[in-house]
Structures are given as C-alpha cells and as structure tokens.
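Here the structure comes first, spelled out in structure tokens, and everything after it is commentary.
The values are calculated or read from the model by the stated rules, or taken from the named source; none is laboratory data. From a predicted model like this one, the values you see are computed outputs, not experimental measurements. Counting neighbours? That spans all protein chains shown, and the Cβs are built from the backbone with ideal geometry, glycine included.
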Amino acid sequence: MSKLFFRSTNGQSPAVDLREAMLAGQAPDRGLYFPETFPRLAQDEIAEFAKLPYREIAFRVLRKFSEGIIPDDALAAMCRKAYNFGVPLEVIHYGVYLMRLDQGPTASFKDFAAQMMAQMFGRFLQENGRQLTILTATSGDTGAAVAHAFHKIPGVRVLVLFPIDEVSLSQRKLMTTLRDNVRTVAINGKFDDCQAMVKRAFADPDLKHIALSSANSINIGRLLPQSVYYFYAASRLAQPGEPIVFSVPSGNFGDMMGAVVAREMGLPVRKIIASVNDNDAFPKFLATGTYQKISPSRNSVSNAMNVGHPSNLVRLVAVYGGQMDETGRIHKQPDLAAMRRDVFSSSISDGRTRDSLRDFWNQYQILLEPHGVVAWQGFLDWIAVEPLGDSPAVIVETANPAKFPEEVEKVVGWPPDVPAAMEAAIKLPEDFDRMGADYGEFKKYLTDRHGI
Ligand SMILES: *Cc1c(COP(=O)(O)O)cnc(C)c1O
C-alpha cells in the first residue's frame, strides 16, 4: 500500500499527503495541491463499474487517493453515508444524455463534493482530536452545500457569510435553518465584500489561535469526488473502452476538472466541453494562448458561474505541462495543441442562454436551468465544428430549476416544481446574524462566537 502525494502547482512547497492537503486547503506557496502522479484504473476495473451502484464506484475511485490514509472499510462507510441520493441520466435524443446532479440535499452538484469532504474532515479531526472552523463566503450554492454537509460533524464549526441582497430566499433558507454547529451571517454588502473578509481572516496573525479552513473549490478534497460521476455516467452510457463526450457548465472549473481527473485515471474521454457565460477568460486563452483575467467579474443569469479568474485553471495548465500562478501569470506555457485536442470551450451570452432554455423545453419537453443550458449550447457549438459521430455525449445539469424560479418562469411561463428536500428546509424557521461589511466587527464576532 503506497501513499499518494500532492504537490503545489507553484512548486515551492513540500509535497504532502491527502490529509494535510485537505486540512491546509491552499499550499503555503499559494499554489493549489494536485496529485504528483495520477493513480490509474485498469480498463477491466473500469468495465466492472457497469454493474456497481454509485457509492461503490465512488469507493473504488477515491480509494486510489486515500490509500494509507483511510482504511478501506471506513472509506466504504463514508461513501454510503455521503451518497444516498440518485444520479438521473435522461435521454435528450439518440446518443445524447442529460446527467442531473441536483438530487442532493441542496439541489446542486456541489453536494457531491461537500458531502464526501465533510465525511473526510470529520474523520481527520477525530483522529487527532482537533477542532476546526470552516469559513466560507458564498453567493448561494456553495454555502448551502457546505452548511448541510458539515451540519453536526463533530469537531467542525461552520461560518457562512453571504451578501444580504444577492441570495434568493430559497438559497438563503438552505443555509439559515440548520443551527447547531452552523452559523450564517448576512453581510450588508456584496459577494466580493464577503470574500475579502474571509481572505483577510485567513491572513490575520491575530487569529492564528483559531484553526481556520475553507471548503471552497481550491481544496483538493472538493475536486476528487467530482471525478466519480463521470465514471458513473460512462459506466451506464458507453461501451467498455468507448470514448465519451462531456459538456460541463463552468465557473471556477472545479467540475470540469473532475472530468480531467477521470481521464487522467484512465477513463476514455473524447472531449470535455467547458462552457462559460460572459466570463470568457478561458475560451480566449484556449484560442490565443494569452490569459487575461476578467476583473471585476461579469454578472449573468448563470450567476454561480460569474467568475472572472477561475481558480482551477492553474491545475488544468499543470496537467498540460505548464505553470500558471495564482494571479494568472503564466510562467510556462502548457501544451496548447494537446489541450485543444481534449478540451473545447465557448462563451454563451445571456440572450442565447434564455433563448436556449425556451427552445430546449419546446423541442424536448425537458426543463433545464440557466447553468445546464450553457452546457447544452456549448455542446451545440462544438458539434458544429466536430461531428459527434457515434460517440455518446453527456450534458451536465448542475442544479435543480427550482433554485432559479424567477429566470425559469420568465422564459417558460410557469414556476418549476420544488423538490422535497428543498421544500422541507424552506419550511423551517430561519436564524442568522447580520453585520456590515466591516472587518473589525467580523473579527470580533469570530473571536467571541468562536465557541458557537
Ligand atoms: C458552482 C456552480 C457551477 C460552476 O462550477 P465550477 O466547478 O465552479 O466550474 C455551475 N453550476 C452551478 C449550479 C453551480 O452552483
């Protein structure tokens, strides 16, 4: 049994194991952790997945990263706890499928990573008797998924900051009705203010006595579980060894990196389509080799993807032999020709997003939401330049339409059904604190309420 090591994309800090990489979040040199080499699954191991339920596939994939850190029986139990919901695959038309990642407790794909990450954090903290405060700034989906996943996990306190006017009522209730070890704070400011306060707390020497960690997509613990649903989809929809196409709506590029990880581990993948909204730094980079982050990020209807400088690009660049630092500066160009062979990207405007949501409903009688529809349009852009042929293709739908009722109703004329899990949360009484976008006040809160 050999332990896998993770190195920093900036190459200036020592390699660490999975436990250390997850507890630290970011590497000390401000790079992101990534496997030194990817563990491989043999083709016959992958072929066996066709007969296995999701949680068992999760176990067989994640075991490759946790060997020597988490015993197999414990990991298997964690996978059973984390994945007790379905992963529907619907036919759009012959050979083209929709994968709905919206059946978890907070109805977005972020549940897949948050649920597993909470299991792992809980175990690591119990092993060494430590306590940890997870600080998260959210514009909606991340906060809800993290709060639900870490609710009642021993040794963990969760503090979620959200901008009071930028979160929908149902998104807010998925965070503010939990209590126990979860505290939510409404900030009288913008998402950027919340993010800035969290970043400042991490760098504040006065807070060194409080063990702080983050659960956002820079953490390798959020990335690895996101490779599992690509194996799952291929096991159900492709013949053994048959290459498959994935189209993924992308913001911070954590979800699409899950597909990259699956391919590096041996899954035959023909193309990964990473579609973005108006925040088009990546498609421009792929086309020209010049990277220019977008600051401030552009607002759009697919608001969970309003990211001007996707944090996971440093990992994608690393896979293709290049080096990009956290500011977006390229120190070594990746192999762009290889990247273009494997990855396609296009930018979808709000106008096309809305039109496409309506057209898709009219043509297929399937309801999407603004993020999934960006993936569908990106797929149409790709097949216009490269014929699909016989390859199976999967469009990834990342949230339930009920999370975006206003947009969906505007386009199709009626509000989407609310899933049972969301409905239950929405009925509970809310409990949250409020404060201004003032770091001094937040710091005092963090110190006083440290014992939640
Ligand atoms: C977070 C999110 C995305 C973007 O995922 P990344 O991993 O940041 O690229 C897409 N859709 C929804 C609904 C999300 O919540």
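What helices (runs of 4 or more DSSP H) completely inside segment 33-101 contain at least 1 residues that are within 23 Å of the chain's Cα centre (by Cα)? Before you say what the answer is, go through the steps one by one.
On the way: elements: 43-48, 54-66, 72-82.
Output list reads 54-66, 72-82.
Is there a residue being buried (at least 23 other Cβ atoms within 10 Å of the Cβ) and either over 21 Å from the mean Cα position of the chain (by Cα) or acidic (Asp, Glu) (or both) anywhere in segment 136-143?
Residues of segment 136-143 buried (at least 23 other Cβ atoms within 10 Å of the Cβ): 136-138, 140-143.
From what's left, either over 21 Å from the mean Cα position of the chain (by Cα) or acidic (Asp, Glu) (or both): 141.
Yes, there is a match, as at least one residue in segment 136-143 is buried (at least 23 other Cβ atoms within 10 Å of the Cβ) and either over 21 Å from the mean Cα position of the chain (by Cα) or acidic (Asp, Glu) (or both).
What tally of residues in segment 136-151 results from selecting those that are among the aromatic types (Phe, Trp, Tyr) and closer than 20 Å to Lys190 by Cβ?
Taking segment 136-151 and keeping what is among the aromatic types (Phe, Trp, Tyr), we get 150.
Subsequent filtering for residues that are closer than 20 Å to Lys190 by Cβ retains none.
Total satisfying the criteria: 0.
If we keep just the residues of segment 213-237 that are of a type in the set (Gly, Ala, Ser) and closer than 27 Å to Ala50 by Cβ, which is farthest from the ligand (Cβ to nearest atom)? Full working, then the answer.
Filtering segment 213-237 for residues of a type in the set (Gly, Ala, Ser) gives 213-215, 217, 221, 227, 233-235.
Right, trim to closer than 27 Å to Ala50 by Cβ and you get 227, 233-235.
Details: Ser227: 12, Ala233: 16, Ala234: 19, Ser235: 22 Å.
Per the stated criteria, the residue is Ser235.
Tell me, which residue of segment 416-452 that is outside any helix (DSSP H, G or I) and without any contact (Cβ under 8 Å) to a residue 24 or more places away in the chain is farthest from the chain's Cα centre (by Cα)? Spell out the reasoning first.
Pass one, segment 416-452, residues outside any helix (DSSP H, G or I): 416-419, 428-438, 452.
The next check asks that each one be without any contact (Cβ under 8 Å) to a residue 24 or more places away in the chain; those that pass are 417, 438.
Numbers: Asp417: 24, Asp438: 28 Å.
The extreme case among them is Asp438.
Tell me which residues, restricted to segment 238-281, are in a loop (DSSP other than H, G, I, E, B) and either within 9 Å of the ligand (Cβ to nearest atom) or closer than 21 Å to Arg63 by Cα (or both). Write out each step before concluding.
Quick first cut of segment 238-281, residues in a loop (DSSP other than H, G, I, E, B) only: 238-243, 250-253, 265-268, 277-280.
Passing the criteria: Ser250, Gly251, Asn252, Phe253, Met265, Gly266, Leu267, Pro268.
Residues are listed down the side, and each one gets a yes or a no for (1) of a type in the set (A, V, I, L, M); (2) at pLDDT 95 or above; (3) under 30 Å from Leu132 (Cα atoms):
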| position | (1), (2), (3) |
| --- | --- |
| Val374 | yes, yes, no |
| Ile395 | yes, yes, no |
| Ala399 | yes, yes, yes |
| Ala402 | yes, no, no |
| Pro405 | no, no, no |
| Val412 | yes, no, no |
| Val418 | yes, no, no |
| Glu423 | no, no, no |
| Gly451 | no, no, yes |
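Quick one: which residue in Leu237, Leu223 is touching a residue at least 12 places away in the same chain (Cβ under 8 Å) and buried (at least 20 other Cβ atoms within 10 Å of the Cβ)?
Details: Leu237 fails: buried (at least 20 other Cβ atoms within 10 Å of the Cβ).
Only one candidate passes the filter, namely Leu223.
Just checking, how many residues over segment 10-40 are in contact with a helix residue (DSSP H, G or I) (Cβ under 9 Å, 6 or more places away or on another chain), more than 19 Å from Pro225 (Cβ to Cβ) and in contact (Cβ under 8 Å) with a residue 40 or more places away in the chain?
2
Applying the selection to segment 107-150, what residues are assigned to a strand (DSSP E or B) and within 11 Å of the ligand (Cβ to nearest atom)?
Ser108
Being farther than 27 Å from Arg236 by Cα and hydrophobic (A, V, I, L, M, F, W, C): is that true of Phe6 here?
Working: farther than 27 Å from Arg236 by Cα: yes; hydrophobic (A, V, I, L, M, F, W, C): yes.
Yes; evaluated as a whole, the condition is true for this residue.
Residue check: is Ala262 modelled with pLDDT under 95 and in contact with a helix residue (DSSP H, G or I) (Cβ under 7 Å, 6 or more places away or on another chain)?
Working: modelled with pLDDT under 95: no; in contact with a helix residue (DSSP H, G or I) (Cβ under 7 Å, 6 or more places away or on another chain): yes.
It is false that Ala262 is modelled with pLDDT under 95 and in contact with a helix residue (DSSP H, G or I) (Cβ under 7 Å, 6 or more places away or on another chain).
Specify which of the listed residues (Lys284, Lys190, Lys199) is more than 14 Å from the ligand (Cβ to nearest atom) and touching an Asp or Glu at 6+ places or on another chain (Cβ under 7 Å). Please lay out each step first, then the result.
On the way: Lys284 fails: touching an Asp or Glu at 6+ places or on another chain (Cβ under 7 Å); Lys199 fails: touching an Asp or Glu at 6+ places or on another chain (Cβ under 7 Å).
Only one candidate qualifies: Lys190.
Counting only residues that are within 11 Å of the ligand (Cβ to nearest atom) and either surrounded by fewer than 24 Cβ atoms within 10 Å (Cβ to Cβ) or small (Gly, Ala, Ser) (or both), which one in segment 360-403 is farthest from Ser250 (Cα to Cα)?
The selected residue is Ala399.
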